[in-house]
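The values are calculated or read from the model by the stated rules, or taken from the named source; none is laboratory data. Keep in mind the model is a prediction, meaning the values are calculated, not measured. Here the Cβ positions follow ideal geometry from the backbone for every residue, glycine too, while neighbour counts run over all protein chains shown.
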Amino acid sequence: MLQQAAITESKAKAKMVTGADLLLEALEKEKVEVIFGYPGGAVLPIYDKLYDSKILHVLPRHEQGGIHAAEGYARISGKPGVVIATSGPGATNIVTGLTDAMMDSLPLIVFTGQVPTNVIGSDAFQEADVLGITTPITKYNYQVRNIEDIPRIVKEAFYIASSGRPGPVLIDIPKDIAASVSKPPEEQEIKLPGYQPTVQPNYLQIKKLSEAVSRANKPVILAGAGVLLSKASNELKEYAEQQQLPVIHTLLGLGGFPADHKLFVGMAGMHGCYASNMGLSECDLLINIGARFDDRLTGNLQFFAPHATVAHIDIDPAEIGKNVQTAIPVVADAKEALKQLVKQNGKPPVHGEWLEQIHKWQEEYPYYYGESAALKPQKVMEMLYEKTTGDAIVVTDVGQHQMWAAQYYQFNQANRWVTSGGLGTMGFGLPASIGAQLADPDRCVVAVLGDGGFQMSTQELTVIKELNLPVKIAIFNNLSLGMVRQWQEIFYDKRYSHSKIPIQPSFVKLAEAYGIKGYEINTAEEAEVILEEVLSNREPVLLDIRIDPHENVYPMIAPGKGLHEMVGVKP
Amino acid sequence: MKKIISMTVMNRPGVLNRITNLFSKRNYNIESISVGLTEQEGVSRITCVIHVESDREAEQITKQLNKQIDILKVTDISDQAIVARELALIKVLSTPQTRNELYALIEPFRAAVIDISKDSLVIQITGESEKIEAFIELIKPYGIKELARTGTTAFPRGTQKPVNTQKTYSIV
């Protein structure tokens, strides 16, 4: 009798699990391949379990680097990026990344440690009100209060982060909950009665849109990142070809429609091309697919698409009509809406003249740059495009180099472009390139950075070395915070207040200190030779490309001006 | 213009914070907010009175609220036939001389005196905001010591009258 009792007891004991066990089990269930995490006191129980886990753990050298890497991973893989940070400072260090992911609709699952339940609210060591801080910058957030809820919460988090309009979800786990022991809980169903994204479009709206297209004389499609997030590139191409609709991209949408296609117009917005901005200004039907009419795209709303009937396809109904009055709203997943539109097979519009007009604009006013003795960044970008045959993943930081990359690198396929658009986060590029490379290990990843942004996350070079990731780091070095400098030149009377940074470490030596090969490039000839060499091998490399420090990004629309008021269109 | 937004929400920790956070993030102005349980377990009703510039702004607010995962349903009930009530507690100075006068004011408003002390009364009044405002104006000259209002809570009437019904007048 006694023996039997002892056996059942030991059986029960063997079955006991900790919160951390449940957490890792849930992550394995979601087929998580990589975690970007930084340990600390409050997540020690989780890290103890990670010690035996098969999931790859990447240790950034700053939590902010970790979350940006997860963003890069999410953008390229289309799967949620997973992050772990400890309580207090660990959690506050990821605030920028969360906001960035929220703005650019990237799916992330972020775990933060929290002080034990009994001391929450007592200003304990490394305590921060993470739920309070992150409520406005996450799609949803949780604090785990019962160990049995962990599997359900993780399941819900993955569902919320990756469905509808994607976004970051944070789960705050008090240390005692991660460490506590329980019997394996019964499986709980997802309980989200308040969350039901509309995926299928309303048939009548599709019909209305299809008819509007047939009637239009000057139609354009404006395609945003929603096309990429819903993996609708093929459907977009099919629909644009069926109806012969010219396609304009937002910054984040690049790659959704092939840049070498004859219906591709270019990027629109503050530094967009002439044809795109004029196309938006003169069109009579504007079909927005998965873009949110950001102010950097629209310019002054008063002058935005003044003649157009606006149709807007978006999975987030709150984006429709937020900035621009919309005549034909379609709440749906872009892929589903485009499929339905193709199926309608409406009569294509009669708009030969309009297409000719757009081609004329493209031919007459392409992006241009002058020649000088100093190395032109645009030239280097063109070389990068040629030497990678346009097939590399380009990851950028924020600033002038970002705009040059968007203008001069032609994106012919989806998932080749990682950039921080909505939030414009400097320091994003280098860590994001780590995530992008992990998501697509065989592809060439070029991290296009500025000298300012690079110095905001230099420490992540270690990770590149540690994992031996063949990331090609191209620093477009103009010894200044170029975009700030450009605005000061144009709008602040050339008073370069704290935007010039001529005193710099030797980036080549810095790379060498991290065990990464470094080259300095000063001329186009050097660029030719060195790019050829480094792009053909599978080694990480850092290029300190000394570009013309006076070069500005053009064309440009000054703040408060309309899209038709570009400057610097022609030499 | 004034709008009354009624929503049902999951009764979870932090849900009110999510809503007020959203209002401040999007730069919306709340006049009053009231929260309470409903007939369904785990579901609360929140009624917000807000000030907006245009119908478009009101639409944006309901859309943004709808996006919140803990919010089950959002309705702008401003244009519907609704029952809306608010409760106010008013502590007003009263001497034996003014007490009768106050009672005379209280009666037509169907308010009630719920506490009396040597030099003050506490009046409880329920009704629509306008009625309460009118009452407060009336009582002000006597000296209001303290005032607490709950904010409007509301929902649509069981029977909705067709909107824009023409009033008919008899000419006889």
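Between A:GLY435, A:GLY424, which is buried (at least 24 other Cβ atoms within 10 Å of the Cβ) and not assigned by TED's automatic domain parsing to the domain that holds A:ASN234?
Going through A:GLY435, A:GLY424 in turn, the sole match is A:GLY435.
Restricting attention to segment A:277-298, which residues are touching a strand residue (DSSP E or B) at 6+ places or on another chain (Cβ under 9 Å) and hydrophobic (A, V, I, L, M, F, W, C)?
The answer is A:LEU280, A:CYS283, A:LEU285, A:LEU286, A:ILE287, A:ILE289, A:ALA291, A:PHE293, A:LEU297.
So which helices (runs of 4 or more DSSP H) are wholly in segment A:113-189 and hold at least 3 residues that are within 17 Å of A:GLY97 (Cα to Cα) and within 14 Å of another protein chain (Cβ to nearest Cβ)?
Ranges flagged: A:130-134.
Before we move on, is B:LEU65 touching a strand residue (DSSP E or B) at 6+ places or on another chain (Cβ under 6 Å) and within 13 Å of another protein chain (Cβ to nearest Cβ)?
For B:LEU65, the condition - touching a strand residue (DSSP E or B) at 6+ places or on another chain (Cβ under 6 Å) and within 13 Å of another protein chain (Cβ to nearest Cβ) - is met.
Select from segment B:69-88 the residues that are assigned to a loop (DSSP other than H, G, I, E, B) and within 7 Å of chain A (Cβ to nearest Cβ) and list them in ascending order.
B:ILE69, B:ASP70
Output the number of residues of segment A:191-216 satisfying the condition of being touching a helix residue (DSSP H, G or I) at 6+ places or on another chain (Cβ under 8 Å), surrounded by 14 or more Cβ atoms within 10 Å (Cβ to Cβ) and outside any helix (DSSP H, G or I).
5
Provide a single number: the residues in segment B:134-170 that are modelled with pLDDT of 80 or more, of a type in the set (A, V, I, L, M, F, W, C) and not in a strand (DSSP E or B).
Residues in segment B:134-170 being modelled with pLDDT of 80 or more, of a type in the set (A, V, I, L, M, F, W, C) and not in a strand (DSSP E or B): 5 in total.
For A:GLY97, only one of the following conditions fails: (1) closer than 30 Å to A:PHE293 by Cα; (2) within 13 Å of chain B (Cβ to nearest Cβ); (3) surrounded by 24 or more Cβ atoms within 10 Å (Cβ to Cβ). What is its number?
(2)
With crowded, with 17+ Cβ neighbours inside 10 Å, within 18 Å of A:GLY167 (Cα to Cα) and out of contact with any Cys (no Cβ under 6 Å at 6 or more places or on another chain) as the only criterion, which of A:VAL83, A:VAL58 stands out?
None of the other options fit; the residue is A:VAL83.
Do we find a residue being outside the structural domain of B:ILE125 (by TED's automatic domain parsing), within 18 Å of A:GLY194 (Cα to Cα) and free of Cβ contacts under 8 Å to residues at least 40 places away in the same chain anywhere in segment B:43-59?
Among the residues of segment B:43-59, at least one is outside the structural domain of B:ILE125 (by TED's automatic domain parsing), within 18 Å of A:GLY194 (Cα to Cα) and free of Cβ contacts under 8 Å to residues at least 40 places away in the same chain, which makes the answer yes.
What residue, among those in segment B:24-59 that are within 24 Å of A:ASP172 (Cα to Cα) and at pLDDT 90 or above, is surrounded by the most Cβ atoms within 10 Å (Cβ to Cβ)?
Among residues in segment B:24-59 that are within 24 Å of A:ASP172 (Cα to Cα) and at pLDDT 90 or above, the one surrounded by the most Cβ atoms within 10 Å (Cβ to Cβ) is B:VAL43.
Evaluate the following for A:ILE545: is it surrounded by 13 or more Cβ atoms within 10 Å (Cβ to Cβ), assigned to a strand (DSSP E or B) and of a type in the set (Val, Ile, Thr)?
yes
With respect to A:VAL130, is the statement that it is among the aliphatic types (A, V, I, L, M) and either surrounded by fewer than 22 Cβ atoms within 10 Å (Cβ to Cβ) or in contact with a Ser or Thr (Cβ under 8 Å, 6 or more places away or on another chain) (or both) true?
Here the answer is yes, as A:VAL130 does meet what is asked.
Quick one: would you say A:GLN188 is modelled with pLDDT under 95, under 29 Å from the mean Cα position of the chain (by Cα), of a type outside the set (A, V, I, L, M) and surrounded by fewer than 16 Cβ atoms within 10 Å (Cβ to Cβ)?
no
Restricting attention to segment A:405-421, report how many residues are among the polar types (S, T, N, Q), within 20 Å of A:HIS261 (Cβ to Cβ) and crowded, with 24+ Cβ neighbours inside 10 Å.
0
For segment B:15-36, name all the residues that are outside any helix (DSSP H, G or I) and free of Cβ contacts under 8 Å to residues at least 12 places away in the same chain.
Scanning segment B:15-36 gives a single hit, B:ASN27.
If you take the residues of segment A:315-339 that are assigned to a strand (DSSP E or B) and away from chain B (no Cβ under 14 Å), which of them is nearest to A:VAL220 (Cα to Cα)?
A:ILE328
Restricting to segment A:191-209, what's the tally of residues that are within 14 Å of chain B (Cβ to nearest Cβ) and either over 31 Å from the mean Cα position of the chain (by Cα) or without any contact (Cβ under 8 Å) to a residue 12 or more places away in the chain (or both)?
Residues meeting the conditions: 3.
Identify all residues within segment A:72-86 that are more than 21 Å from A:ALA26 (Cα to Cα) and touching a strand residue (DSSP E or B) at 6+ places or on another chain (Cβ under 6 Å); write none if there are none.
Within segment A:72-86, A:GLY72, A:ARG75 qualify.
How many residues does segment B:89-105 contain that are part of a strand (DSSP E or B), surrounded by fewer than 18 Cβ atoms within 10 Å (Cβ to Cβ) and over 19 Å from the mean Cα position of the chain (by Cα)?
Matching residues across segment B:89-105 total 2.
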